[in-house]
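Quick notes on the structure that follows.
Derivation of every value follows stated rules applied to the coordinates shown; laboratory data play no part. As the structure is a prediction and not an experimental result, all values here were calculated from the model. Every residue, glycine as well, gets a Cβ built from its backbone with ideal geometry; the counts of neighbours run over all protein chains shown.
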Amino acid sequence: MLARVANNLFWMGRYIERSEHVARYLNVNYFSSLDAPNELSQSRQFVLRSMLFMASDPVTDPNIELDEGQVLFDIALNKEKPDSIINYLQYARENANSARDLISTELYESLNKFYHYTLNYSPEKFMKSGLYEFTVHVAESTSILRGKIRGTLLHDDVYSIIMLGINIERATQIIRIINAKYNDANLAGGSYGDHLKNSYEWTTLLKCAESYDMMRRYYKKAPRSLITLEFLILNPNCPRSIMNSLNQVSRHISDLSKSKTPDKNSAEFLVGKVRAEYEFKLIEEIEEDLQGFIEKILNTLNDIAKKIEIEYFL
Amino acid sequence: MKLNTNQPSFSSYKRDNHLFDEIFTKNDEVKEVYKTLLNLYSEHSIQDYARLNEKAKASFFNQGITFQVYGEHETKEKIFPFDLFPRIIDHKEWSHIEKGVLQRSKALNHFLWDIYHDKKILKQGIVPLDLINSSANYLDQMQGLNPPGGIYNHISGTDLIKHSDGNYYVLEDNIRCPSGVSYVICNRTALKRALFGVFNHYQTHTVTDYAENLLEIMESVKPQGVDNPTCVVITPGIYNSAYYEHSYLAKAMGVELVEGRDLFVENDFVYMRTINGPQKVDVIYRRIDDIFMDPLEFRPDSTLGVPGLLAAYKLGNVCLVNAPGTGVADDKAIYTYMPQIIKYYLGEEPILNNVHTYHCNRPDELKYVLENIDKLVVKPVDEAGGYGISIGNKLTKAEIEKVKAVIKENPRKYIAQPIMSLSVHATYIEDSQSFEPRHVDLRTFCLLGKDKSFVLKGGLTRVALKKGNLIVNSSQGGGSKDTWVLKK
Amino acid sequence: MALNYVIKYAATNTYENFVDEALWQFLIAPLNAKSQQVISSEFKNSLHIPVEKSINGYGFETFRVHPKKRFKSIDFEAEFHVIKDQFNPFEKTSDLSIEEEISELNSLNFKVEHSAFLKSTTLTKLPVSHEIDFVYDEEVSIFENLKNLNNWIFDIFSFKTDVTDVDTDLDMILEEKQGVCQDFTHLFCAIARSYRIPTRYISGYLHQGNGYFGDSQMHAWAEAFIPGCGWVGFDPTNNLIAAENHIKVADGKDYSDCPPIKGIVYTSGKNHTKYSVEVHAQQNAQQ
């Protein structure tokens, strides 16, 4: 496979995944804030700031009055904004275009249809009544794309590269979401006694990661900070967890490298090292300095992506 | 069976006796090969047909089988309009076409070899030296070079029309990077899906064997000493209007689709950058023009090409398909010498007719052209895509004067031909929701390799969707039809 | 008798900012031919990048340098040893009569055979706007006429650097009446071709021991094909018939077919190039 095309496929995977997380973040935060138990969590300005914090550039100046329609439009459909969903899909499609001879017609067709749906989605409708419909459509379409990737491509190098992109992006987005909700929880405080630990924002966090139901099933408890973080970061069976993403990255990179003993400067070695570290990590250790952890894991994910780029895409 | 204008779908079908109708005879009889088809169509209502038409269009769009139209302000993604009414060519007629286009391709290959080697045809004055000297597409760098397998025009696209006399005429030979073959295959797929009930009443040759034949042709011209050649398709990139075709061909052949930046030359061998390191490339089907191929030799600002590619080619380490410098032979001025070229190299009479051509650089012919401009089509010698063509009987008096002035300014640049009346074929017209006659032509695809040749049994029937329009190019609002070549 | 030449070529390219990607092709190696024999050829660069030998589009030997790492400055150094036969260029004139020469020029066979060097190119196109007062004398041979042309250019035009550059067309040169060797060679080619004499542009080195113009740079002159005789070199810059002082590198229709260096460099900011050529000769009595 051509190095350039591998790079395109990697980024196709990343952009597809990114668009989903951003869409769901909009959806969950907007709708759960409508009947949130505390005043701040219900505040429009609070929710819009949270969205910008996660999806693009945070607005910290408290004197700025954000316009709801504008914020939603910017994140979802504004072609002028590089970090809007519509642009992510355009990038994904362009990346797919240059790898068109390698991917299935079915995958391309689904992505193309999805792109045109977004392109033709009327901004007026979106702002008036379409927020729910649009974001759900994005999430569902990405699911279809993942299905086509798994179900219609050869499980060879092409597949490994796309899955690398998807999983690195997923870990990145989950961390970004944790970061944003941790920030919200800090600002909002809990509703019952212990502020941070019992914040309503932890529920929203799980919903943003589509993991609320499974977390309830696993712990049989209401979400509190510790178990929420444990579930989303360390549980290898939670499909959205960092651990699971790292496991996937590890699997696909070893499929790709085909080497038994990876070079210690390689991406494969780094992934293995990070995995080993988190496999036996206690959530209590992470909670002590969550902010530090978030920065560290984001940097690590970045390093992995850089090493992949140098090893495979140049 | 006769043309029935009482049937709603044919209510606006106005047959013109001056034109050759592909479906109906002068007595409104349905021609033999179309009888079954029209019978089956009459079972469908025009609404059914309209629905199928919409579905086919949506399928093209969703699959991204589109091309870009560059407007003043924005670039639009459009599908190449597709007509569900197929064109049918019977066995006998086809075998005439097939022999004819193969003959032309071979003659052109001989011609290219000659003008890049001994130039006998020029020395004998059969083709004027001046035509070659003044051609921007003649590459001095190709002089004396022996392309692998002795092939220059591996891929030729010959455009044919049927005139009102019922005979085929060649309009032009395209031997640089003829495009359109992916549409032939997409049209077939779309038609089979929409009208499978009709399709299985006919014994039609497949068109999906094009890619495998192309790959065989490419492999046949591998450089010396290579056993299993690595073939690639090189494209200018995703923004090129024919990108879909490039990706289709790469995919169908199972070879990499590369851009210039994926390739590099080291010690006169060509490599592509893969995830597992450099891999040598042996045969390149190039869909970029000569002048963009190698910035060290041609346009230095080209980022589409590969520096050092021409040297690697000259040294025989890689094969380029088609060879550089083929453009000199599909020049419209050379076209007019095709009958002589065929006779000279093959010792045969041309199988397909050439349209009579007046050369504006010859004073007596220029005089005729200027006096009879209303009866002629005037074309620039070196422009592709239907640009700069004027059709005499469509011009106002003022326009005629303008065209005359333009020709007089630079007679060498123009040729003129009698207005050929392209045959017409029933075509679904969305506005009237019925079938109407529209002008069609036919692009054929011929492959030449080392000891091997192939003519695609089918072709791209291009149709001018605007009423009375003779220009069928997609950039000028043309569409296309599936073309059935019958086995018996 | 033969002359032993040592030719040294040196160039330094410096850039304001890092160059991420670059590729150069040098067309500077003397041609190995009957009258000039290349004994040794060496090409080095300061970044120790392996030098690839290749050819240009017309088959002349080139050096290619393709750095794989970024850099801001690079030096190139080449050294060639050449043995050049000494001969009297005036001996080598045509045996044909004037009529025979002309009839050969007019034969289709001849025109086709030499068509590449009979075409006018962008750089050798004679402008219609300028009267050219060089007159071809039909009473004398082609060789004599070309000598006259050489002389005419030398007389009318003066050597001056920095007035013209490699893209300057003849219109400008005829207007300014000054230029450098490339320009005079282009003019020579253009006029000779207008009389149907095949003429090619030569890039090479001039041994400048006698104070000829060509000043520590690569030189250019023309070669014309004279029926019955073959290619004869004319150096209009110095009003010479090219002989043992002219060491040929490559030929082409004009400068653009054989520039000494072609480069594709990706960088921003300013860049600076300087280069020099030295040609040393010694009489070689043994040969």
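Loop sites only, by DSSP: take the trypsin sites (Lys or Arg not before Pro) in chain C that have at most 11 other C-beta atoms within 10 Å and name the longest stretch containing none of them.
Of all site-free stretches, the longest is C:70-176.
When all C-alpha to C-alpha distances in the range C:40-120 are sorted into bins of 5 Å, what percent of pairs does each bin hold, rounded to whole numbers?
Histogram of Cα-Cα distances, whole percents per bin: 3, 9, 12, 11, 11, 11, 11, 10, 9, 6, 5, 2, 0.
Only residues of the range A:263-305 count here: report those whose backbone N is under 19 Å from the spot 7 Å along Cα→Cβ of A:R251, or say none.
Within reach of a label on A:R251, which here means backbone N under 19 Å from a point 7 Å along Cα→Cβ, the range A:263-305 contributes A:268-280.
For the residue pair C:K53 and C:Q282, what label-to-label distance in nm results when each label sits 7 Å from Cα along the Cα-to-beta-carbon direction?
Computed distance between label sites C:K53 and C:Q282 equals 2.5 nm.
Count charges around B:S12 for me, please; just the other residues with Cβ under 14 Å from its Cβ, Lys/Arg as +1, Asp/Glu as -1.
Within the 14 Å Cβ shell, the charges total 0.
If you wrap a convex hull around the alpha carbons of the range B:356-418, what volume per residue comes out, as a whole number of Å³?
Normalising the Cα hull of the range B:356-418 by residue number yields 74 Å³.
Dividing the Cα radius of gyration by the Kirkwood radius, what Rg/Rh value follows for the range B:1-66?
Value, to two decimals: 1.08.
Per DSSP helix of 4 or more residues, -39500 (n - 2.57); summed, then divided by the residues of chain A. What does that give at 222 nm, rounded to the nearest 500? It would help to have the intermediate numbers written out before the result.
Details: 15 runs with 214 residues, N = 314.
Here the helix-only value at 222 nm equals -22000 deg cm²/dmol.
If you take every DSSP beta bridge fully contained in the protein assembly as shown, what fraction is antiparallel? Give it as a percent rounded to 5.
Roughly 85 percent of the DSSP beta bridges within the protein assembly as shown come out antiparallel.
Please identify which residues in the range B:283-309 have an amide N closer than 15 Å to a label point set 7 Å out from the Cα of B:Y239, following the Cα→Cβ vector.
Label zone hits: B:302-305.
With a point put 7 Å past each Cα toward its Cβ, work out how far C:E42 is from C:D95 in nm, to one decimal.
According to this spin-label approximation, the distance is 4.5 nm.
What are the lysines whose alpha-carbon lies under 17 Å from the alpha-carbon of B:K452, with same-chain residues fewer than 8 places away excluded?
Within reach: B:K99, B:K106, B:K222.
Using unit Cβ charges (K, R positive; D, E negative) and no other charged atoms, how large, in debye to the nearest 20, is the dipole of the protein assembly as shown about its Cα centre?
Roughly 3620 debye for the protein assembly as shown.
For the range B:123-213, count all C-alpha to C-alpha pairs, find those more than 21 Å apart, and express that count as a whole percent of the total.
60 percent
If you take the beta carbon distance between C:M1 and C:D162 as r and set R0 to 41 Å, what does 1/(1 + (r/R0)^6) give as a FRET efficiency, to the nearest 0.05?
After rounding to 0.05, the efficiency reads 0.60.
Subtract the Cα-Cα distance of B:Q47 and B:E365 from 0.36 nm times their separation in residues, and report this length gain in nm to one decimal.
109.2 nm
So what are the range A:69-126's ellipsoid semi-axes, whole angstrom, largest first, if each one is the square root of 5 times an eigenvalue of the alpha-carbon gyration tensor?
25, 12, 6
Each label point is 7 Å from the Cα along the Cα-to-Cβ direction; what then is the distance between the points at C:N271 and C:N106, in nm?
5.1 nm
So which GluC sites (Glu not before Pro) in the range A:1-69 are both in a DSSP loop and have at most 16 other Cβ atoms within 10 Å of their Cβ?
Hits after loop and neighbour filter: A:E65.
For a footprinting-style exposure proxy, rank C:D20, A:D74 by other Cβ within 10 Å, fewest first.
C:D20, A:D74
Expressed as a whole number of Å, what is the distance separating the alpha-carbon centroids of the range B:401-459 and the range C:238-287?
51 Å
Across the Cα atoms of chain A, what radius of gyration and what greatest pairwise Cα-Cα distance (Dmax) are found, in Å?
19.4, 58
Using a simple charge model, +1 on the beta-carbon of Lys and Arg, -1 on the beta-carbon of Asp and Glu, nothing else, what dipole does chain C show about its Cα centre, in debye to the nearest 20?
Taking the Cα centre of chain C as origin, the dipole is about 1380 debye.
Pulled fully out, how much extra length does the chain show between A:Q291 and A:V59, if you take 0.36 nm times their separation in residues and subtract their Cα-Cα distance?
This chain segment gains 81.7 nm when fully extended.
Restricting to chain B, what percent of DSSP beta bridges are antiparallel, rounded to 5?
Of all bridge pairs located within chain B, approximately 75 percent are antiparallel.
Translational D (Stokes-Einstein, µm²/s) of chain B at 4 °C and 1.567 mPa s when Rh comes from the Kirkwood sum over C-alpha pairs? Kindly include the intermediate steps, with their values, before the conclusion.
On the way: Rh = 23.8 Å.
Estimated diffusion coefficient is 54 µm²/s.
Quote to one decimal, in nm, the extra length available between B:N353 and B:R15 on full extension: 0.36 nm per residue of separation minus the C-alpha distance between them. Don't skip to the end; give the middle numbers.
Working: separation 338, 0.36 × 338 = 121.68 nm, distance 2.58 nm.
Roughly 119.1 nm would be gained on extension.
Give me the three principal axis extents of the range C:90-257 from the C-alpha atoms, as integers in angstrom, largest value leading.
Largest first, the range C:90-257 extends 43, 38, 28 Å along its Cα principal axes.
As I understand it, the dipole of the protein assembly as shown uses +1 on the Cβ of Lys and Arg and -1 on the Cβ of Asp and Glu, about the Cα centre. Which of B:I121, B:L315, B:N53 lies farthest toward its positive end?
Going by the charge dipole, the pick is B:N53.
May I have the convex hull volume per residue, in Å³, for the Cα set of the range B:194-305?
It is 156 Å³ per residue.
What whole number of Å gives the distance from the Cα centroid of the range B:244-298 to the Cα centroid of the range C:159-208?
The distance from the Cα centre of the range C:159-208 to that of the range B:244-298 comes to 39 Å.
Pairing the Cα long axis of helix B:46-62 with the longest principal axis of chain B, what angle in degrees results, from 0 to 90 and rounded to the nearest 10?
The angle comes out near 20 degrees.
Quick one, can you get me the convex hull of the C-alpha atoms of the range B:252-346 expressed as volume per residue in Å³?
137 Å³
Determine ³J(HN,Hα), in whole Hz, for all residues of the range B:4-14 in sequence, where each value follows from phi through the Karplus function 6.51 cos²θ - 1.76 cosθ + 1.60 and θ = phi - 60°; x replaces Gly and Pro.
Listing the rounded values in order: 10, 7, 7, 5, x, 5, 10, 5, 9, 7, 10 Hz.
How big is D, in µm² s⁻¹, for the range B:299-382 by Stokes-Einstein at 37 °C and 0.692 mPa s if Rh is the Kirkwood radius over C-alpha pairs?
For the chosen part, D equals 199 µm²/s.
For chain B, find the longest principal axis of its Cα atoms and tell me its angle to the long axis of helix B:243-253, 0 to 90°, nearest 10.
70 degrees
Going from the alpha-carbon gyration tensor of the range A:96-184, what semi-axes, largest first and in whole Å, does one get by taking the root of 5 times each eigenvalue?
Gyration-tensor ellipsoid for the range A:96-184: 26, 21, 9 Å.
Could you line up B:D482, A:D61 from fewest to most neighbouring Cβ atoms inside 10 Å?
A:D61, B:D482
Please give the average number of partner chain Cβ atoms lying within 10 Å of the Cβ of each residue in C:57-64, rounded to a whole number.
Mean shielding by partner chains, rounded to a whole number: 5.
What shape does the range B:116-273 take by its C-alpha gyration tensor, where a ≥ b ≥ c are the square roots of the eigenvalues and a/c under 1.5 counts as rounded, a/b above b/c as prolate, and the rest as oblate?
Oblate, because a/c is 1.5 or more while a/b does not exceed b/c.
Nearest 10 degrees is fine. How inclined is helix C:142-156 to the longest principal axis of chain C, computing both from alpha carbons?
Value to nearest ten degrees: 60.
Would you mind giving the three semi-axes, in whole Å and largest first, of the ellipsoid equivalent to the range C:7-156 according to its Cα gyration tensor? Intermediate results must be reported in sequence, preceding the final value.
Numbers: eigenvalues 348, 89, 52 Å².
Largest first, the range C:7-156 gives 42, 21, 16 Å.
Arrange A:W202, A:W11 by Cβ neighbour counts within 10 Å, fewest through most, would you?
Starting with the residue having the fewest Cβ neighbours, the order is A:W11, A:W202.
Considering the convex hull of the alpha carbon atoms of the range B:1-124, report its projected area averaged over all viewing directions, in nm², one decimal.
14.4 nm²
Given 25 °C and 0.890 mPa s, how large is the Stokes-Einstein diffusion coefficient of chain C in µm²/s, with Rh as the Kirkwood radius over Cα pairs?
Roughly 122 µm²/s, to the nearest whole number.
Roughly how far apart, in whole Å, are the Cα centres of the range A:126-151 and the range A:1-66?
The distance from the Cα centre of the range A:126-151 to that of the range A:1-66 comes to 15 Å.
Rounded to two decimal places and with Rh computed the Kirkwood way over Cα pairs, what is Rg over Rh for the protein assembly as shown? Intermediate values should be presented prior to the final figure.
On the way: Rg = 35.5 Å, Rh = 34.2 Å.
Radius of gyration over Kirkwood radius for the protein assembly as shown works out to 1.04.
Exceeding 25 Å between C-alpha atoms, which entries from my cross-link table qualify? They are B:K332/B:K397; B:K78/B:K466; C:K34/C:K160; C:K147/C:K248.
Result: B:K332/B:K397; C:K34/C:K160 exceed 25 Å.
Could you work out the mean count of beta carbons from other protein chains within 10 Å of each residue's beta carbon in C:111-122?
4
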